[in-house]
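> Before I ask anything, let me first share the structure, which is written out below as structure tokens.
The values are calculated or read from the model by the stated rules, or taken from the named source; none is laboratory data. Just so it is clear, the model here is predicted, and its values are computed rather than measured. Here the Cβ positions follow ideal geometry from the backbone for every residue, glycine too, while neighbour counts run over all protein chains shown.
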Amino acid sequence: MIVRRKKLDASVPAMAMGDIAFLLLIFFVILARARDDSHLQWKPAAGQELTRPTTMNASVVVDKYNVTHLNGREIPVGTLAEELKVLLGENPAGRRTVMLKVHHEATAVYFEPVIEAVSEAGGELHHILEEEKNQQ
Amino acid sequence: MKLNRTKLLVEPPASATSDIAFILIVFFLVCASVEPDKGRAQVLPRAEPEPQKDKQSQTIDVELTRNAVILNGNPLPPQIFRKSIELKLADKTRDEDKIVAVKSRKEVPYSHWMAVTGIIEDSGGIITMQLEEEQTVQVK
């Protein structure tokens, strides 16, 4: 007598794919918003020979309305140095990078106190700029 | 005679949802990566309330106006400024002699400030910012 083996169907249900992908989508969106300053409006100044910082410990933005933000949160310039000191803590050199994003038209009266505050907190400044396009 | 009604409500195929969601993921990731993250590192000495004038031999003073550069009191065009600052810093060996005090007027835009400080750093200068301090004077 021949006993036929049952065929085991081991296919992944296609219906679940949508749910998995949707969960992944939510995961990425939440991850992107964790240190989010993408909602802030600013245009970088031009620069040459730009490099990517190896570490990023804090992000300071001076937007097109000359408002200062620390890690996406609005902050008065007077308290910026103290807040940065708390954020940077006792981190060794090389791990105290502060990404500074200043709108290209912001004036010295707004960005100089910010630079001073970063310097006072012992932060290592990294100005975020846009690669200069050579006009011919 | 019976007439069969055609079904108007048609369910979308469930197998397409994964493709739609995947395209959405790609879209969000591409949107997220547009934010610029390249730039230039800048070393600034820690802020001091008063500069130590007696220790420094001769600091180079650079004053910035809205679109001009003044080097030790002489207004210069950008190309000549680069050559002049390179010449001034060429013979300096000690770090304290390479200090360039940058003073900006209130209306100086960030793009201009970055361009000038970039030239100074490329020439080997160490930037310090000269800021006006607010003092409260009590009048009797």
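For (1) within 11 Å of another protein chain (Cβ to nearest Cβ); (2) part of a helix (DSSP H, G or I); (3) not hydroxyl-bearing (Ser, Thr, Tyr), each residue gets a yes or a no:
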| position | (1), (2), (3) |
| --- | --- |
| B:87 | no, yes, yes |
| B:93 | no, no, no |
| B:102 | yes, no, yes |
| B:106 | yes, no, yes |
| B:112 | yes, yes, yes |
| B:118 | yes, yes, yes |
| B:127 | yes, no, yes |
| B:131 | yes, no, yes |
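> Next question. Taking the condition free of Cβ contacts under 8 Å to residues at least 24 places away in the same chain and within 12 Å of another protein chain (Cβ to nearest Cβ), does residue A:108 pass?
Considered against the rule, which asks whether it is free of Cβ contacts under 8 Å to residues at least 24 places away in the same chain and within 12 Å of another protein chain (Cβ to nearest Cβ), residue A:108 comes out as yes.
> I'm checking my understanding of the structure. Among residues of region A:66-94 that are within 14 Å of chain B (Cβ to nearest Cβ) and loosely packed, with under 14 Cβ neighbours inside 10 Å, which one is nearest to residue A:118 (Cα to Cα)?
Step by step, filter region A:66-94, then rank; the result is A:82.
> Further question: Out of region B:55-69, which residues are surrounded by fewer than 17 Cβ atoms within 10 Å (Cβ to Cβ) and closer than 15 Å to residue B:114 by Cα?
Passing the criteria: B:65, B:66, B:67, B:68.
> Would you point out which residue out of A:27, A:22 is assigned to a helix (DSSP H, G or I), at pLDDT below 90 and more than 9 Å from chain B (Cβ to nearest Cβ)?
Answer to the selection: A:27.
> Check off (1) modelled with pLDDT of 80 or more; (2) of a type outside the set (Ser, Thr, Tyr); (3) surrounded by 12 or more Cβ atoms within 10 Å (Cβ to Cβ); (4) in contact with a Ser or Thr (Cβ under 8 Å, 6 or more places away or on another chain) for residue B:106 and give me the number that stays unchecked.
(3) is the only condition that residue B:106 fails.
> Any residue that is under 18 Å from residue B:113 (Cβ atoms), modelled with pLDDT of 75 or more and aliphatic (A, V, I, L, M) - is there at least one of those in region B:19-36?
No, the conditions are met nowhere in region B:19-36.
> Something else now. Kindly list the number of the only condition in (1) more than 17 Å from residue A:116 (Cβ to Cβ); (2) modelled with pLDDT under 85 that fails for residue B:111.
Exception for residue B:111: condition (2).
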